[in-house]
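Structure first, commentary second.
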Amino acid sequence: MLYVGKAASLRQRVSGHFHARADERALEMLTQARDVSCTETETALEAALLEADEIKRLAPPFNVALTTAGRAVWFATADLRGLREGPGPEHPTGPLVSPGPVAALSALRAALAASEPGSVVLRSRAVGVEAAFGPGPECFAAGLARFAHQHGPVASTRSLLRLGGRLWARRRAAIASEPAPDDAAVEASHPPRRPTWDADRVTQALEETVVRAAHAVRRGRWLVRLSECALAWAEPGSERLRVLVIRGGAVAARADLEPGVPVPVPPGHARTAAERRTAFDVATFDRLRVVTTELRRLAAEAATVELRLGPRARLSRRRLRAVLRWV
């Protein structure tokens, strides 16, 4: 198996590989391809989930996204000072796609506590770039002072995360008419690799650091909740209701839902957050990210969608749209 992908139109998907401006890697794949097989799914959401799982099962050499190679799921201590791969009782914050946002926040917190620029490693980490491209000490000090002046005493982890939430809300309000970015877009939103630094640019980068950390923590909490849920929806343009039950971060059941039948209560709804975190690995993380991305699409396009997290926790389309703006 060379490559796994999903498509609404097989003709367009396959021909696209030949007509697009292919790089050397894509051309190499095409020279080796001898056959194409397909598996039909009931809905686009189920196709997206199948794609993520099949990439991990088959490890196709030409898939880059959704692979497990070189990846891990990270968890942090409550104060975000310690990180480890995989869940643990002393690391309740997560899952996190990368240690980067938490490490950057720790560097910013250290710089604020010391009220001085610190080492080149600390300065670079605080603004989210490699050490070779970090701001100089005087420039960083000026930007740090401006950050502290604008946002007040925010040296603690909790206050920095609250600031990140406020800045995120301000950003979302400014672009309310645009779709919410997915987590990959947020993860890539740090300063460019070779920025030209001045005090304003440093302040903006430090603000981006707290936004990314707050978003990563909030997203982790969301994925933990989503790991035990039941989802009912109708694809855009269809009246057919489909239901998925997710347990332990994996699809436990799927079926058509008869009209008038309520969305089932997820069987694992009573599991604690600590119990839910033990199920997280890269496959679980990716699966629930896919569900989140598809929920954004359905909340924007589908006439019917409902997410049930417990006996009394039901998110309609309107409430779901509101929640997804924050994750």
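None of the figures in this text is laboratory data; all of them are computed from the coordinates on show. Because the structure is predicted, anything quoted here is derived from the model rather than measured. All Cβ positions, glycine included, derive from the backbone under ideal geometry; neighbour counts span all protein chains shown.
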- prompt: How far is the Cα center of region 64-87 from the Cα center of region 1-46, in Å?
  reply: 30
message: Which of 225, 11 has the fewest other C-beta atoms within 10 Å, and how do the rest follow up to the most?
response: 11, 225
task: Would you compute, for the Cα atoms of region 44-86, the largest minus smallest coordinate along each principal axis and list the three values in descending order, in whole Å?
output: 38, 24, 13
query: Of 206, 133, 161, which is farthest on the positive side of the dipole of region 74-223, counting Cα position, with +1 on Lys and Arg Cβ, -1 on Asp and Glu Cβ, and the Cα centre as origin?
result: 161
query: Candidates (1) 0.96; (2) 1.00; (3) 1.07; which is the computed Rg/Rh (Cα atoms, Kirkwood Rh)?
result: (2)
field: Estimated dipole of the chain in Debye, rounded to 20 [Cβ of Lys and Arg +1, of Asp and Glu -1, Cα centre]
entry: 980
statement: By the C-alpha gyration tensor axes a ≥ b ≥ c (rounded if a/c is under 1.5, else prolate when a/b exceeds b/c, else oblate), the shape of region 216-327 is prolate
Largest to smallest principal axis extent of the C-alpha atoms in region 10-58, angstrom: 32, 23, 18
query: GluC sites (Glu not before Pro) within region 203-299: which are DSSP loop residues with at most 13 other Cβ atoms inside 10 Å?
result: 239
Separation of alpha-carbon centers, region 104-121 and region 276-299, rounded to whole Å: 33
